[in-house]
Protein chains: 2
Amino acid sequence: MEKKDEMVLKRIGSIRSPLTSREECPKQASEGGHEGMIIIEPHLRDGLEGLEAGREILIFTWLHLADREILKVHPRGDAGRPLRGVFATRSPSRPNPIGLHRVTILEMSERGMRVAPLDVIDGTPVVDIKPVLEISREG
Amino acid sequence: MEKKDEMVLKRIGSIRSPLTSREECPKQASEGGHEGMIIIEPHLRDGLEGLEAGREILIFTWLHLADREILKVHPRGDAGRPLRGVFATRSPSRPNPIGLHRVTILEMSERGMRVAPLDVIDGTPVVDIKPVLEISREG
């Protein structure tokens, strides 16, 4: 049972990717550029209506292997760089390990979509998808 | 107790804002432009080290008043526009009502920071903060 004030995320889908360990993941998507599949839970596929190939979207993931207790990290995992607060970095280590990935839809399919670039470990939960806003400062 | 595979968000902070109802919130931040305060939980303030006035950041909120069961909405709440899947819109109604707000830090303070533009209801939980990446496609 979900308590009234609890913020419990639902898995809306899963990443299918050739990456199977954290060591294979580049620090930022701009350095990599693999394709990935996003498989959406069957009962939520109506929520995709209006998305199409060529659109840019933001994928929100839950980086389930992250350490949620760390508050300072060496940026980009480089021990030679001074420690910084996790909120000043994109480290997966943070109290709520939400990953944010800006990708282009390559193809819509019955089960979800194919996107790139996406360098996320196979099986990572997807928790939200939003369009990139063309006009505003967001996204 | 948190079950192993549950994705439970922790409140890392709270929005302090002059907006007290959804009706006062513009549909997109670009239309509004109020200032807001982000008050960070005392035990997590070490995570802010490295952030400073002038930096652009992404604030992730939990839009606690949203309807999590809706899968199709009229874009921008306009009943004259055809229904679209929630993942093709920025509607707060979606399975996981995560809000994403791109803001500039106006001032750091002992308890958190002052930012703009931020049109979010007073008391909204903050669940993550990330820097905008200047070089990559993200953010």
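The values are calculated or read from the model by the stated rules, or taken from the named source; none is laboratory data. This is a predicted model, so every value here is computed, not measured. Backbone-built Cβ (ideal geometry, glycine too); neighbour counts: all protein chains shown. We work out accessible area using only protein heavy atoms, side chains counted, and drop any ligands, DNA or RNA first. Shrake-Rupley method; radii C 1.70, N 1.55, O 1.52, S 1.80 Å.
Candidates are the residues of the stretch B:83-102 that are in a strand (DSSP E or B) and within 20 Å of the chain's Cα centre (by Cα); the one that is surrounded by the most Cβ atoms within 10 Å (Cβ to Cβ) is B:I98.
Of all the residues in the stretch B:83-116, those that are facing chain A (nearest Cβ under 8 Å) and of a type outside the set (S, T, N, Q) number 13.
Residue by residue, here is whether (1) open to solvent by 50 Å² or more (accessible area, probe 1.4 Å); (2) among the aromatic types (F, W, Y); (3) assigned to a strand (DSSP E or B) holds:
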residue	(1), (2), (3)
A:L65	yes, no, no
A:I70	yes, no, no
A:R76	yes, no, no
A:R81	yes, no, no
A:L106	yes, no, yes
A:I121	no, no, no
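Candidates B:R76, B:R111, B:R102, B:R68: the one that is of a type in the set (D, E, K, R) and free of Cβ contacts under 8 Å to residues at least 40 places away in the same chain is B:R68. Could you go through the stretch B:48-64 and let me know if any residue there is of a type in the set (S, T, Y) and within 7 Å of another protein chain (Cβ to nearest Cβ). Looking through the stretch B:48-64, none of the residues is of a type in the set (S, T, Y) and within 7 Å of another protein chain (Cβ to nearest Cβ).
Would you pick out the residues in the stretch B:27-45 that are loosely packed, with under 14 Cβ neighbours inside 10 Å, within 10 Å of chain A (Cβ to nearest Cβ) and at pLDDT 95 or above? Within the stretch B:27-45, just B:H43 meets the criteria. Of all residues in the stretch B:117-139, those being more than 7 Å from chain A (Cβ to nearest Cβ) and at pLDDT 90 or above number 9.
Restricting to the stretch B:7-23, name every residue that is open to solvent by 20 Å² or more (accessible area, probe 1.4 Å) and away from chain A (no Cβ under 14 Å). If the condition is that a residue be open to solvent by 20 Å² or more (accessible area, probe 1.4 Å) and away from chain A (no Cβ under 14 Å), then B:R16, B:P18, B:T20, B:S21, B:R22, B:E23 are the ones that fit. Residues in the stretch A:42-63 that are in a helix (DSSP H, G or I) and out of contact with any Leu (no Cβ under 8 Å at 6 or more places or on another chain): A:P42, A:H43, A:R45, A:L48.
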